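Reading through the structure tokens given below for one structure.
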Amino acid sequence: MMKRIATGALAVAATTAMALSLPSAAGATTTTTATSSGYDFADSWGPVHARHGLAKAQGWIGVEWDDEQESNTVHVKGRLYDLDNRTYAKGGKCAYVKFQASDFDHHWSTVYTRKYCGFPGYRKFHFETDEVFSLRAKVCQVSPHGSYTTKCGQWSHLYTAETE
């Protein structure tokens with residue numbers, strides 16, 4: 001019996017060590033593959049958290065520039081996680097993510113929002129927007145039947161044209 005427990009513990013430790021070493025390699029592969037598949041810039045982003053860590057979002061961004069390098073299209077894919085295990089009656093809230101883009105005149109506007117209620121799960125999302133100089137994301141919480149956001153984290157800058 002002890003031999004099985006020891007063998008199982010070693011297998012778990014080996015699997016954990018391998019899993020911990022994979023994210024950085026997987027992120028590099030995603031970036032390289034995305035760039036070679038037609039994007040001028042591609043990278044993973046996140047995780048971006050709400051205050052107190054009760055919601056998070058993470059994903060991938062790819063940017064395509066036109067031939068004259070005068071305009072672009074930004075593609076964003078991601079997952080929004082509801083990490084609040086409280087019931088709604090006890091104050092539990094849903095996850096909410098908001099993306100803002102700055103145009104080439106540096107005016108910020110909201111280009112996408114998503115709400116997800118469903119601890120412990122997540123919801124996938126995808127959007128694209130044009131003429132983007134910078135893109136940022138913020139994760140918050142929101143009540144299941146409302147639209148007033150609360151417990152927002154900091155803005156996280158995902159892309160700026162200056163960095164290319």
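The values are calculated or read from the model by the stated rules, or taken from the named source; none is laboratory data. All values derive from a computational prediction rather than experimental measurement. Positions of Cβ are backbone-derived with ideal geometry, glycine not excepted, and every protein chain shown enters the neighbour counts. Just so you know, the surface numbers come from the protein's heavy atoms only, side chains and all, with ligands and any DNA or RNA stripped out. Shrake-Rupley method; radii C 1.70, N 1.55, O 1.52, S 1.80 Å.
Residue by residue through region 98-117, note down the ones that are open to solvent by 20 Å² or more (accessible area, probe 1.4 Å) and of a type outside the set (Ser, Thr, Tyr).
98, 100, 103, 104, 105, 106, 107, 108, 111, 114, 115, 117, listed by residue number.
Going through 95, 137 one at a time, which residue ends up being under 19 Å from residue 163 (Cβ atoms), surrounded by 19 or more Cβ atoms within 10 Å (Cβ to Cβ) and either of a type outside the set (Lys, Arg) or touching a Ser or Thr at 6+ places or on another chain (Cβ under 9 Å) (or both)?
Step by step, each of 95, 137 is checked, and only 137 is under 19 Å from residue 163 (Cβ atoms), surrounded by 19 or more Cβ atoms within 10 Å (Cβ to Cβ) and either of a type outside the set (Lys, Arg) or touching a Ser or Thr at 6+ places or on another chain (Cβ under 9 Å) (or both).
From the set of residues in region 66-92 that are in contact (Cβ under 8 Å) with a residue 60 or more places away in the chain and surrounded by 15 or more Cβ atoms within 10 Å (Cβ to Cβ), which is farthest from residue 39 (Cα to Cα)?
Residue satisfying both the conditions and the ranking: 76.
If a residue must be within 21 Å of residue 50 (Cα to Cα), open to solvent by 40 Å² or more (accessible area, probe 1.4 Å) and touching a residue at least 40 places away in the same chain (Cβ under 8 Å), how many such residues does region 118-134 contain?
Number of matching residues: 4.
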